[in-house]
Amino acid sequence: MKSLFIDCNDQLAPVWQQVLRDGDPAIDVHRKPFATADLPQLLDGYDICIDDHSYVPTQLAESCDRLKHVVFLGTGASSYMNVDELAQRGITVHTIKGYGDTAVAEHTIALMLACCRDLVRMDREVRVGTWSPREGVQLAGKTLGIIGLGGIGREVLRMGRGLGMQVIAWNRTSLPDAPLVTLDKLLAEADVISLHLALTDATHGFLDPSHIARMKPGVILINTARGALIDEPALIEGLRNGRVRHAGLDVFHAEPLRPDHPLAGMENVTITAHAGFRTLEASMTLLRRAIDIVSRIVAERS
């Protein structure tokens, strides 16, 4: 079986070389930019595709005659392809969990601190000659509300307590020994809300206008999960009317975020480039697990 890593970038290429081992199956690596429409040509003759964060539309994937497996580098494959439609066409999508829980949690806390102290705005102002110290939000003693207590959410919980915050959480299923409350209570009481749900049909647009309207006025909202979990127009309105004091966003409905997007022009939004999981340690674990998945697929077909 032939395998291709379709979108290895300059950052991942040296990490890829570090994690390769003797005995791994042969995997070709493509490092040049490509248009989505070129997928059938790029994947011609390949059975397995490793995908960092490239879109794989169903109509193009089904034009790839030999393609049977997509190994997505992360958990959010549904943001880049229709997993069910691909399965119906005989293409299995493999995702990788738990490789970067600590990395994403640390990025979440970094965004939280940056938003609470308006760090990015002050940085921009000082660089152009404006010296305007801004009053921030002290986190010690404040309430952190975590929506979704998977691996990342549990790490954020641990770190939030380390900052001296009172932590409450909501999860779609019950968890023993977790500080779970109702979603309404979390929205009403949390000074900071951090979102850590997987994106599914059931969670698409999870934070809708009614949820945002029920948040504590002046809340700090952090999203390092998936952009589509939040109703974007409602978030923008909440940022404009002050219901949301500041948002720290690492993920968006469409990526990369356009420079003319409303969120990109708002002073009370701190933006990062879907980088929460980008640490050397997490990348090494992620790529090694991807190779292991390819190895397993090849072994099962032998």
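Which whole-number percent gives the relative contact order of the chain, counting Cα pairs below 8 Å spaced six or more residues apart?
17
Among residues other than Lys142 whose Cβ falls under 11 Å from its Cβ, what is the net charge (Lys/Arg +1, Asp/Glu -1)?
Result for the local shell: -1.
Expressed as a fraction of 2.2 N^0.38 Å, the rule-of-thumb size for a compact globular protein of N residues, what is the C-alpha radius of gyration of region 198-302?
Relative to the rule-of-thumb radius for its length, region 198-302 sits at 1.38.
Treating only the Cβ atoms of Lys and Arg (+1) and Asp and Glu (-1) as charged, compute the dipole magnitude of the chain about its Cα centre; round to the nearest 20 debye.
Dipole magnitude for the chain comes out near 720 debye.
I'd like the distance between the alpha-carbon centres of region 216-288 and region 111-150, rounded to an integer number of Å.
For region 216-288 versus region 111-150, the Cα centre distance is 14 Å.
Sort region 48-144 into rounded, prolate or oblate with this rule: let a ≥ b ≥ c be the square roots of the eigenvalues of the Cα gyration tensor; rounded if a/c is under 1.5, and if a/c is not under 1.5, prolate when a/b is larger than b/c, oblate otherwise.
On the way: a/c = 4.25, a/b = 2.59, b/c = 1.64.
Here region 48-144 falls in the prolate category.
Between Ile96, Val244, Ile291, whose Cα lies farthest towards the positive end of the dipole of the chain when Lys and Arg beta carbons carry +1 and Asp and Glu beta carbons carry -1, centred on the Cα centre?
Val244
For region 24-113, what is the charge dipole size about the Cα centre, in debye to the nearest 20, if Lys and Arg each add +1 at the Cβ and Asp and Glu each add -1 at the Cβ?
40
Choose one of Leu12, Leu42, Val29: the residue whose Cα lies farthest towards the positive end of the charge dipole of region 10-52 (beta-carbon charges +1 Lys, Arg; -1 Asp, Glu; about the Cα centre).
Working it through, the farthest residue towards the positive pole turns out to be Leu12.
For region 102-107, take each phi angle, set θ = phi - 60°, evaluate the Karplus expression 6.51 cos²θ - 1.76 cosθ + 1.60, and give the result in whole Hz per residue in order, putting x for glycine and proline.
Along region 102-107, the couplings run 5, 4, 5, 5, 5, 5 Hz.
Determine, for Ile168, Ile152, the number of other Cβ atoms within 10 Å of each Cβ, and report the residues in order from fewest to most.
Ile168, Ile152
What are the lysines whose alpha-carbon lies under 24 Å from the alpha-carbon of Lys185, with same-chain residues fewer than 8 places away excluded?
Counting by Cα, and skipping residues close in sequence, Lys185 has these lysines nearby: Lys142, Lys216.
Any lysines with Cα under 24 Å of the Lys32 Cα? List them, leaving off those in the same chain fewer than 8 positions away.
Those lysines meeting the cut-off are Lys2, Lys68.
Please list, short to long, the whole-number percent of alpha-carbon pairs of region 101-271 in consecutive 10 angstrom bins beginning at zero.
10, 41, 37, 10, 1, 0
Taking the Cα centre of region 165-275 as origin, sum charge times position over the Cβ atoms of Lys and Arg (+1) and Asp and Glu (-1), and report the length of that vector in debye to the nearest 20.
Charge dipole, region 165-275, about its Cα centre: 180 debye, nearest 20.
Under the Karplus relation 6.51 cos²θ - 1.76 cosθ + 1.60, θ = phi - 60°, what is the ordered set of whole-Hz ³J(HN,Hα) values for region 245-254, x standing for Gly and Pro?
5, 7, 10, x, 10, 10, 9, 9, 4, 10
What are the ³J(HN,Hα) couplings of region 208-219, residue after residue, when phi is run through the Karplus curve with 6.51, -1.76, 1.60 and θ = phi - 60°? Round to Hz, x for glycine and proline.
The phi angles translate into 8, x, 5, 5, 5, 5, 8, 6, 4, x, x, 5 Hz.
A short reminder: the numbers here are calculations on the coordinates, not readings from a lab. Everything quoted here is computed from the prediction, not taken from an experiment. Every residue, glycine among them, receives a Cβ derived from its backbone with ideal geometry; neighbour counts consider all protein chains shown.
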